[in-house]
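Written out below as structure tokens is the structure these notes cover.
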There are 2 protein chains.
Amino acid sequence: MASSSLNEALHRLMHAYKWRLRANIRRHQIALPITHIRVLKGVGRLPDCTARVIVQRMGQDKSRVTRVLNDLVQEGLVERSDNPEDRRSQLLAPTDAGVEMLEKVSVLEGEAAACLTEGLDADELDTFLRIAATMTTNAMGHTTEPHRSHKHG
Amino acid sequence: MASSSLNEALHRLMHAYKWRLRANIRRHQIALPITHIRVLKGVGRLPDCTARVIVQRMGQDKSRVTRVLNDLVQEGLVERSDNPEDRRSQLLAPTDAGVEMLEKVSVLEGEAAACLTEGLDADELDTFLRIAATMTTNAMGHTTEPHRSHKHG
DNA sequence: CTCACTTGGTTGCTTATGTCCACTATATAG
DNA sequence: CTATATAGTGGACATAAGCAACCAAGTGAG
């Protein structure tokens, strides 16, 4: 039946996709885990990027983002600078090495996407993306919200 | 660019789906992690199930499956029995408690699937499943094989 | 039969990922 | 100023995944 199919299909797809990504990362000799790559991408793409922005865009835990960011700074791929508008936060930007890395990553992801979409036409891909987005929204938005920072009223 | 969209869409979908599943698991007071549930499902569904079968079906690491199975046996949800056809392996079957758990799980997954597919018609869902399956195959089958399971050539 | 090799399973170790909680410092509302 | 919300950090822990070494049992070749 459909429900069970969907669950299994998603699990399989997740696993396969991650597997493919990892394989590509290896082939390209990139020493970064997937999450780090995603965060780096965020930093590179978003203009006035702060940790908060990353957290919101990726739906990840704050502390996780902090740690990943620490790693990226450590590796010289990202730089923090004071945020003139809020002294609690810092602006994030990729270093030259970070930009270089981002180019590699772009290639890598392009390859992964090309691999996955082999045999699919643009129309199908489009449909898939649309449905995936719908499912994502459905999954997130239902019962209680994912993370409403603590409140006590 | 489509490739970037696909990558991000998959990441988001993965995250959202897992999140939804976890929320449902909590609601149903089931004390099993996702992987354990999947393995239990496999054991329940496949007739002459061994660890090897699970490994192949789920594409998971052998060691992981072993450990999960140990947990499930520990919790009294699965039983091992000697495999008359191969003394290296054991046949796996759910206990009564396991069957009971499987029923709960079935409900839970049904709910998750229902949540995800809200607003999608059967046709769209079907398309999604087909494309997801294609992508999974594409992702797995490309460069080097993960493990060439049993021989066929 | 023995020998080499394969296969099913187990264990140890390491990394990656995700979540919860507590805490600091700053911002902002009343 | 006080109370509370927000941005970020770090600790602790649970889950997930992978790799390598290993044992025991099967299998095929000689």
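Only the coordinates and a few stated rules stand behind these numbers; no lab work does. All values derive from a computational prediction rather than experimental measurement. As a convention, Cβ positions derive from the backbone with ideal geometry for all residues, glycine included, and neighbour counts pool all protein chains shown.
Annotations for the structure displayed:
- A helix-only calculation puts the protein assembly as shown at -22000 deg cm²/dmol for mean residue ellipticity at 222 nm, using -39500 (n - 2.57) for each DSSP H run of at least four residues, averaged over all residues.
- Evaluating 6.51 cos²θ - 1.76 cosθ + 1.60 at θ = phi - 60° for every residue in the stretch B:83-90, the Karplus couplings come out as 8, x, 8, 7, 6, 6, 10, 10 Hz, glycine and proline recorded as x.
- Relative contact order %, chain A, counting alpha carbon pairs below 8 Å whose residues are six or more apart: 20 percent
- Across the stretch B:43-59, rounded Karplus estimates of 3J(HN,Hα) from the backbone phi angles (6.51 cos²θ - 1.76 cosθ + 1.60, θ = phi - 60°) give 4, x, 8, 8, x, 9, 7, 10, 4, 4, 4, 4, 3, 5, 5, 9, x Hz, Gly and Pro being marked x.
- Pairwise FRET efficiency - residue B:122 versus residue A:74, Cβ, R0 = 41 Å, nearest 0.05: 0.25
- Ranked B:18, A:41, criterion: other C-beta atoms within 10 Å, fewest first: B:18, A:41
- Between amide H atoms placed 1.01 Å from N, distances below 5 Å from residue A:79 occur with A:93, A:95, all of them 5 or more places distant or on a separate chain.
- Extension gain from residue A:31 to residue A:114, taking 0.36 nm per residue of separation minus the Cα-Cα distance: 27.7 nm
- Here the 3J(HN,Hα) profile of the stretch A:68-80, calculated from phi with Karplus coefficients 6.51, -1.76 and 1.60 at θ = phi - 60°, is 4, 4, 4, 4, 5, 5, 3, 7, x, 9, 9, 10, 9 Hz, Gly and Pro shown as x.
- In this structure, residue B:137 and residue B:48 have a Cβ-Cβ separation that, at R0 = 22 Å, corresponds to a calculated FRET efficiency of about 0.30.
- Under a 5 Å amide H cut-off, with hydrogens placed 1.01 Å from N, residue A:90 pairs with A:51 among residues at least 5 apart or on other chains.
- Ascending list, in nanometres, of distances separating the residue A:5 label from those of the other copies (7 Å, Cα toward Cβ): 2.5
- Residue A:82/residue B:18 FRET efficiency (R0 30 Å; Cβ-Cβ; nearest 0.05): 0.25
- Farthest toward positive dipole pole in the protein assembly as shown [+1 Lys/Arg, -1 Asp/Glu at C-beta], among B:72, A:108, B:133: B:72
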